[in-house]
């Protein structure tokens, strides 16, 4: 069975550049590079990964592309580019030369909800489709209504929701998250990542019983055909090691058919990111 990690990060830790990694996050205030991840992939039967941006700069995109060039198991890169730039087409032209660059992401969770409706951002998203680039939607539940409009306005653009849109697992709340995710899932050009779940729960005391109800909801909405496994390593280390994340997802998926398991573990990510190697 092909197994791919659709969502993980690399960085050379810099306390200024990476100021979102606070002192309370000591376990991830270090360098995390391919040589650190490869043994974890091997131990868990994962064949490759998608490296996703963690810093909003083209330097980050270039850093990840360099790693992907040197390590075959990095199957693709989700980078960053200034989608609001009036030079967006020029920059997308440039990045089209890199076959492992599969898509882009902006850290929308740090933006006000109105940012998604900015005309400059809308123009940038609209430019992605003609280049075949995907877009990872990193948001909180409060951004879901505006994200829905973005999805509706771009019917030919492939989108994926990162981390289930970060529902309030810690407090066991669903609020409007379930209904809004269900509405988004009506659009078949949108996928969702089973990633970042344990860090939305109580970091030290979470249980599978806290997580599974949220997984139930996205399976009901998206089905096995549009969900993909992601570890969110090394951020996951705040709440559990790599093998813990894999075991959690493996236990949940064990009730599904082998065909469905194959889709979630690897085939959906391979299709979505159109992996070429």
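In the range 188-214, what residues are free of Cβ contacts under 8 Å to residues at least 12 places away in the same chain and in contact with a strand residue (DSSP E or B) (Cβ under 7 Å, 6 or more places away or on another chain)?
Selection gives nothing.
Suppose we filter 85, 96, 6 for residues that are touching a helix residue (DSSP H, G or I) at 6+ places or on another chain (Cβ under 6 Å) and either over 20 Å from residue 272 (Cα atoms) or touching a residue at least 60 places away in the same chain (Cβ under 8 Å) (or both); which single one remains?
6
What residue, among those in the range 105-116 that are in contact (Cβ under 8 Å) with a residue 40 or more places away in the chain and not in a loop (DSSP other than H, G, I, E, B), is nearest to residue 129 (Cα to Cα)?
Taking the range 105-116 and keeping what is in contact (Cβ under 8 Å) with a residue 40 or more places away in the chain, we get 105-107, 109.
Adding the requirement that they be not in a loop (DSSP other than H, G, I, E, B) leaves 105-106, 109.
On the way: 105: 14, 106: 16, 109: 22 Å.
This residue is 105.
Just checking, which of 233, 265 is under 19 Å from residue 43 (Cβ atoms) and touching a helix residue (DSSP H, G or I) at 6+ places or on another chain (Cβ under 6 Å)? Quick ask: steps written out before the conclusion?
On the way: 265 fails: touching a helix residue (DSSP H, G or I) at 6+ places or on another chain (Cβ under 6 Å).
Result: 233 is the single residue among 233, 265 that is under 19 Å from residue 43 (Cβ atoms) and touching a helix residue (DSSP H, G or I) at 6+ places or on another chain (Cβ under 6 Å).
Looking only at residues that are surrounded by fewer than 11 Cβ atoms within 10 Å (Cβ to Cβ) and modelled with pLDDT of 95 or more in the range 16-44, which one is farthest from residue 6 (Cα to Cα)?
26
Kindly indicate which of 162, 210, 188 is surrounded by 22 or more Cβ atoms within 10 Å (Cβ to Cβ) and either at pLDDT below 95 or on the phi < 0 side of the Ramachandran plot (or both).
Numbers: 210 fails: surrounded by 22 or more Cβ atoms within 10 Å (Cβ to Cβ); 188 fails: surrounded by 22 or more Cβ atoms within 10 Å (Cβ to Cβ).
Just a single option satisfies the conditions, and that option is 162.
crowded, with 20+ Cβ neighbours inside 10 Å, at pLDDT 95 or above, over 21 Å from residue 49 (Cα atoms) and touching a strand residue (DSSP E or B) at 6+ places or on another chain (Cβ under 6 Å), is that true of residue 229?
On the way: crowded, with 20+ Cβ neighbours inside 10 Å: yes; at pLDDT 95 or above: yes; over 21 Å from residue 49 (Cα atoms): no; touching a strand residue (DSSP E or B) at 6+ places or on another chain (Cβ under 6 Å): yes.
No.
Considering only the range 112-128, how many residues are out of contact with any helix residue (DSSP H, G or I) (no Cβ under 8 Å at 6 or more places or on another chain) and farther than 17 Å from residue 86 by Cα?
Final tally of qualifying residues: 1.
For residue 156, only one of the following conditions fails: (1) touching a strand residue (DSSP E or B) at 6+ places or on another chain (Cβ under 7 Å); (2) surrounded by fewer than 17 Cβ atoms within 10 Å (Cβ to Cβ). What is its number?
(1)
If you take the residues of the range 123-147 that are assigned to a strand (DSSP E or B) and touching a residue at least 60 places away in the same chain (Cβ under 8 Å), which of them is farthest from residue 232 (Cα to Cα)?
Here is the first cut: in the range 123-147, the residues assigned to a strand (DSSP E or B) are 134-137.
Then keep just the ones that are touching a residue at least 60 places away in the same chain (Cβ under 8 Å); that gives 134, 136.
On the way: 134: 18, 136: 13 Å.
Ranking the candidates gives 134 first.
The values are calculated or read from the model by the stated rules, or taken from the named source; none is laboratory data. Values in this document were obtained by computation on a predicted structure and should not be read as measured data. Counting neighbours? That spans all protein chains shown, and the Cβs are built from the backbone with ideal geometry, glycine included.
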